[in-house]
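Here is the structure we will look at, set down as structure tokens.
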Amino acid sequence: MRSNNVVLINEEGLRVDGRRPNEMRPFKIIAGYLSNADGSAYIELGRNKIVAAVYGPREVHPKYLALPHRATVRCRYSMAPFSVEERKSPGRSRREIELSKVIREALEPAIFVEEYPRTVIDIFIQVLEADGGTRTASITAASVALADAGIPMRDLVAAIAVGKASDTLLLDLNGIEDQYGDGDMPIAIMPRYNLVTLFQADGIFAPEEIEEALKMAREAIYKLYEGQKEALKRKYLKIREEVLSSE
Ligand code: ADP
């Protein structure tokens with residue numbers, strides 16, 4: 001089957017990387033990946049490699065930017081020049097500015113911002129290697145970094161994209177599928193409240209496709225959510241072991 005003249009699903013119904021349509025890529029999450037940030041996380045999702053670092057809540061500079069009733073959340077998503085096949089210009093692109101905003105908006109509902117008036121929480125995201133779905137993987141990693149920084153949260157946020165090629169919904173698009181497919185729907189959810197905090201759609205989707213895509217995304221998001229919690233537990237178990245062995 002062809003989509004935009006590139007074969008994305010073969011005759012056996014398998015995708016370019018051998019996955020079935022409703023199969024996500026393998027992933028790995030590490031909490032507390034960096035030693036110099038207040039909180040951090042690393043995620044690998046297929047060939048994506050992303051680091052998230054969090055600072056705060058801390059004093060805002062310049063001070064007039066401080067909000068009297070809540071913390072300000074800032075997010076900076078950047079792709080390293082070596083993260084894609086052809087060297088990316090290190091300058092800030094429109095896409096990076098847009099994704100920074102989208103990621104911040106997907107994370108903000110999970111943070112108890114009202115508990116930290118006049119402060120700022122900074123989230124830095126560095127994409128080391130990109131292969132489709134970096135905004136959603138960044139959200140998954142950044143929410144672990146926020147929790148790792150000890151910032152009170154209603155829940156973690158996990159995210160995944162669902163796309164489409166040859167009228168078939170595909171879970172967790174890779175770079176080629178993103179480039180040549182017929183659509184892309186990044187979705188973020190706070191699992192405990194079943195609350196969607198990001199829903200974008202690029203391409204044309206029928207209402208029943210959107211419903212099916214949400215179902216596929218939800219299943220994958222619950223797996224990522226388990227991975228996020230495991231990563232946080234692993235970090236604190238390690239600290240506990242270190243403390244116990246030093247006593
Ligand atoms: P997302 O990474 O969230 O899917 P996009 O849909 O904008 O966001 O990008 C899809 C993919 O296209 C990226 O994951 C990356 O693999 C690739 N890509 C993005 N920007 C560039 C770039 N400047 N050069 C080469 N590839 C890029």
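The values are calculated or read from the model by the stated rules, or taken from the named source; none is laboratory data. In this text the structure is predicted, and so the values were computed from the model without any measurement. Reconstructed Cβ throughout: ideal geometry from the backbone, glycine too, with neighbour counts over all protein chains shown.
Remarks
- Helices (runs of 4 or more DSSP H) wholly inside the stretch 81-183 that include at least 3 residues being more than 10 Å from the ligand (Cβ to nearest atom) and closer than 21 Å to Arg218 by Cα: 94-107, 134-148
- Answer from Arg15, Arg20, Arg25 - the residue that is within 15 Å of Thr168 (Cβ to Cβ) and either touching a residue at least 12 places away in the same chain (Cβ under 8 Å) or in contact with a Cys (Cβ under 9 Å, 6 or more places away or on another chain) (or both): Arg15
- Residues in the stretch 48-69 include none that are surrounded by fewer than 16 Cβ atoms within 10 Å (Cβ to Cβ) and under 26 Å from Ile221 (Cβ atoms).
- Sole exception among (1) in a helix (DSSP H, G or I); (2) out of contact with any Pro (no Cβ under 8 Å at 6 or more places or on another chain) for Val196, by number: (1)
- Boolean, Asp148 is of a type outside the set (Gly, Ala, Ser) and surrounded by 18 or more Cβ atoms within 10 Å (Cβ to Cβ): yes
- Applying a threshold of 7 Å to beta carbon distances and a minimum spacing of six or more residues, or different chains, the list of pairs starting in the stretch 83-110 at a residue that is surrounded by 12 or more Cβ atoms within 10 Å (Cβ to Cβ) and ending at one that is hydroxyl-bearing (Ser, Thr, Tyr) and in a helix (DSSP H, G or I) reads Ile103/Ser138; Leu107/Ser143; Ala110/Ser143.
- Flag for Glu219 being modelled with pLDDT of 95 or more, farther than 20 Å from Gly132 by Cβ, surrounded by fewer than 16 Cβ atoms within 10 Å (Cβ to Cβ) and charged (D, E, K, R): no
- Residue satisfying condition, being out of contact with any Cys (no Cβ under 9 Å at 6 or more places or on another chain) and modelled with pLDDT under 95, within set Asp172, Asp184, Asp148, Asp167: Asp167
- Scan of the stretch 132-150 for residues that are in contact with a Ser or Thr (Cβ under 9 Å, 6 or more places away or on another chain) and over 18 Å from Ala231 (Cβ atoms), ordered by number: Thr134
- Pro57 more than 23 Å from Ile187 (Cα to Cα) and part of a strand (DSSP E or B): yes
- Leu128 being under 21 Å from Leu8 (Cβ atoms) and surrounded by fewer than 24 Cβ atoms within 10 Å (Cβ to Cβ): no
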